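The values are calculated or read from the model by the stated rules, or taken from the named source; none is laboratory data. What you are looking at is a predicted structure, and each value in this text was computed from that prediction instead of being measured. Neighbour counts run over all protein chains shown; Cβ positions are idealised from the backbone, glycine included.
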């Protein structure tokens, strides 16, 4: 990770950690960098954004920087992160930008940059952007006269993406009662249109964004709202997205959570049965539950583990040819259809399994027994110092010895926020709580935690 860009772009509180000046300079660099490598006469860059109030501000700042460097800019307006990736590939853009802080609160925002293949930007280019932001490289020339870029509306690109999603479905959803929690974010502009077109009886909540309510007690990070909604309305299934709709969690007909691990199992088993699970392997991250691995072992599916972040999952898939991978949090990648996590696509693939196998989501998910797991985030001043502290490491070793082969501890820094994540899996919730609190207690005793 770089100084500004983490595992999922340049993210921080709007006009505090991430400012309009940052956005302008990122635009200046990208317009110049891709302008030198443009496929056509001039560089073409597409921009999407989520529903945060600050997204408009950053959109205009990026546009100013890009056009000042000679790039032509195409605006998708409010749309999902995977739609930007899709449009880059299908419309032959040189680069794409999504303005979003994903599942973070409204006052945060982020700049996600994708290359001409619709993939997250290479680390080498990120290094060059950061050097420019810090004034370590020379000034970039301004475009003049006819070389100045222009901006145009490209909402049609988002509509074509919606059509693409509809085309992926193998069956009509007629007669199925489906609940969608759009998190007052990007999915509000896409998801209902897709499910309605496929014939579902679509019930939608949290699809009235006002710039301040994105992810607020809703969406994939607050699944309880959708669970209640599914039970109250006797729905067949529910899907919850995050702010930019690159992740999806599901809720079965009983209102029970089906997380990313179970989604990987359900889709992986189905793909194996269909003979399309390449290498007979699923790509997971180190955060996946031990229960997933035990279930995969039982049906003979292999797996690989990467660092946390769908970026690393996709890198593995791209390198090995594996076609299914993802995270417990709901970033699921189907490489045949997308190069990034796509929440709405994931919900369509779950529907496909339910319809083709004629089974409920509860039945499909019942084959995975998830071990109790507890994750707590601790805000710290220095992530590296917190991890390297000798007393913290000693406490971690003691916890690992206590858990043995029936559980595990994962202590890792967040890739996007100043947090240390403490996760424990164990035989009981009480043991999880005890072990997590032991680690956090040591972090507090050593003065490593920022008091909020």
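Does residue 352 fit the bill of being in a loop (DSSP other than H, G, I, E, B), within 27 Å of the chain's Cα centre (by Cα), within 21 Å of residue 326 (Cβ to Cβ) and modelled with pLDDT of 95 or more?
no
Restricting to region 177-202, what's the tally of residues that are buried (at least 18 other Cβ atoms within 10 Å of the Cβ), over 20 Å from the mean Cα position of the chain (by Cα) and not in a helix (DSSP H, G or I)?
Residues in region 177-202 being buried (at least 18 other Cβ atoms within 10 Å of the Cβ), over 20 Å from the mean Cα position of the chain (by Cα) and not in a helix (DSSP H, G or I): 5 in total.
Look at residue 90 and say whether it is within 15 Å of residue 209 (Cβ to Cβ) and in contact (Cβ under 8 Å) with a residue 12 or more places away in the chain.
Here the answer is no, as residue 90 does not meet what is asked.
Out of everything in region 41-59 that is touching a residue at least 24 places away in the same chain (Cβ under 8 Å) and surrounded by fewer than 20 Cβ atoms within 10 Å (Cβ to Cβ), what residue ends up being farthest from residue 20 (Cα to Cα)?
Ranking the qualifying residues of region 41-59, first place goes to 42.
So, of the residues in region 294-308 that are within 27 Å of residue 414 (Cα to Cα) and buried (at least 18 other Cβ atoms within 10 Å of the Cβ), which turns out to be modelled with the lowest pLDDT?
Restricting to residues being within 27 Å of residue 414 (Cα to Cα) and buried (at least 18 other Cβ atoms within 10 Å of the Cβ), the top hit is 308.
Any chance you could count how many residues in region 320-335 are over 17 Å from residue 81 (Cα atoms) and at pLDDT 95 or above?
6
Tell me which residues, restricted to region 382-415, are outside any helix (DSSP H, G or I) and more than 25 Å from the chain's Cα centre (by Cα).
Result: 389, 407.
Given the residues 82, 105, which is the only one that is part of a helix (DSSP H, G or I), in contact (Cβ under 8 Å) with a residue 60 or more places away in the chain and within 20 Å of residue 215 (Cα to Cα)?
So the residue among 82, 105 that is part of a helix (DSSP H, G or I), in contact (Cβ under 8 Å) with a residue 60 or more places away in the chain and within 20 Å of residue 215 (Cα to Cα) is 82.
Out of 260, 291, I need the residue that is in the same structural domain as residue 320 (by TED's automatic domain parsing), within 22 Å of residue 343 (Cβ to Cβ) and in contact (Cβ under 8 Å) with a residue 60 or more places away in the chain. Which one?
260
Can you pull out the residues in region 60-77 that are farther than 21 Å from residue 125 by Cβ and crowded, with 24+ Cβ neighbours inside 10 Å?
Within region 60-77, 76 is the sole residue that qualifies.
Test residue 243 against the stated conditions and say whether it is assigned to a loop (DSSP other than H, G, I, E, B), assigned by TED's automatic domain parsing to the domain that holds residue 294 and surrounded by fewer than 24 Cβ atoms within 10 Å (Cβ to Cβ).
no
Would you say residue 170 is modelled with pLDDT under 95 and touching a helix residue (DSSP H, G or I) at 6+ places or on another chain (Cβ under 7 Å)?
Spelling it out, residue 170 is indeed modelled with pLDDT under 95 and touching a helix residue (DSSP H, G or I) at 6+ places or on another chain (Cβ under 7 Å).
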